[in-house]
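Peer 1: The structure under discussion is supplied below as structure tokens; questions concerning it will follow.
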Amino acid sequence: LTVQDLDSYEADLRAMYSQLVHQLSPAAAKLLSTLNITQIEQFMTALEQRNREFYEERVAISERAQRAYRVKQMLEQIERWLGEVTPRQRQRVESWAATLELSSAETLAFRQHWQKAFRALLQQRQVADFQRQLRDFALAPEALQTSALRLKRQHNLQLFKLLLRDIYGQLNSGQQQYLDNRLQTLSGDFIELAAQ
């Protein structure tokens, strides 16, 4: 597994996301157009609650705690796919977290900005071209990011790819088998969904 492989997978995922947005936009626009004011307010209130939780868990803590949170979060994801991590892999995750550009405060500001824009979009849900507006909004979430956040995210994405490359290169036979089993299960789930 190389960084170039991961770049290719990223491009494929972005293309699939775009295709999915185009396919789902008509149904999503139809559904959203049926929402009443109370439902929209309930949805926005739930997002605001998630923002408060994000602030408490990710912003209102020290830099050291933010990095520890990222280590814990990443180890949980790796263990989900590979089973128990080795000490060497844990050390690699810790070094990854130490080099991240922390962006929790900027991410929270972006979320709030996105939600404000989404609320404004929902006010247009009865307009004839709402489906196009919704599709365009979903296709370009980065357009609402500041350039500083965009740069941090690009930096962190490159670090993440290097981490994946290194962790994959350190797999032991048990982890490889665990990963193969997880992928087979996931593949079976997708085949079952497609058959429905």
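Each value in this text was obtained by applying a stated rule to the coordinates, not by laboratory testing. These numbers were taken from a predicted model, which means no experiment stands behind them. Using ideal geometry, Cβ is built from the backbone for each residue, glycine included, and neighbour counts are taken over all protein chains shown.
Peer 1: Rounded to the nearest 10 degrees, what's the angle between the helix 173-195 long axis and the longest principal axis of the chain, both from Cα atoms, 0 to 90?
Peer 2: Relative to the chain, helix 173-195 is tipped by roughly 30 degrees.
Peer 1: Okay, next question. Between the range 33-74 and the range 131-152, what's the alpha-carbon centroid distance in Å?
Peer 2: 19 Å
Peer 1: Same structure again: Based on the alpha-carbon gyration tensor of the range 86-167 and its eigenvalue square roots a ≥ b ≥ c, which shape applies: rounded if a/c is under 1.5, prolate if not and a/b is larger than b/c, or oblate?
Peer 2: Prolate, because a/c is 1.5 or more and a/b exceeds b/c.
Peer 1: Pop out the ³J(HN,Hα) list for the range 53-66 in order, Karplus 6.51 cos²θ - 1.76 cosθ + 1.60 with θ = phi - 60°, rounded to Hz; leave Gly and Pro as x.
Peer 2: With coefficients 6.51, -1.76 and 1.60, one gets 5, 4, 4, 5, 7, 10, 9, 7, 10, 5, 4, 4, 5, 5 Hz.
Peer 1: Against the longest alpha carbon principal axis of the chain, how many degrees, from 0 to 90 and to the nearest 10, is the axis of helix 147-169 turned?
Peer 2: Between helix and principal axis, roughly 40 degrees.
Peer 1: With only Lys, Arg, Asp and Glu charged, each at its Cβ (+1 for the first two, -1 for the last two), find how big the charge dipole of the chain is about the Cα centre; round to the nearest 20 debye.
Peer 2: Using Cβ point charges on Lys, Arg, Asp and Glu, the chain gives about 420 debye.
Peer 1: When a/c reaches 1.5 or more, the comparison of a/b and b/c decides; with that in mind, is the range 59-196 rounded, prolate or oblate per its Cα gyration tensor?
Peer 2: oblate
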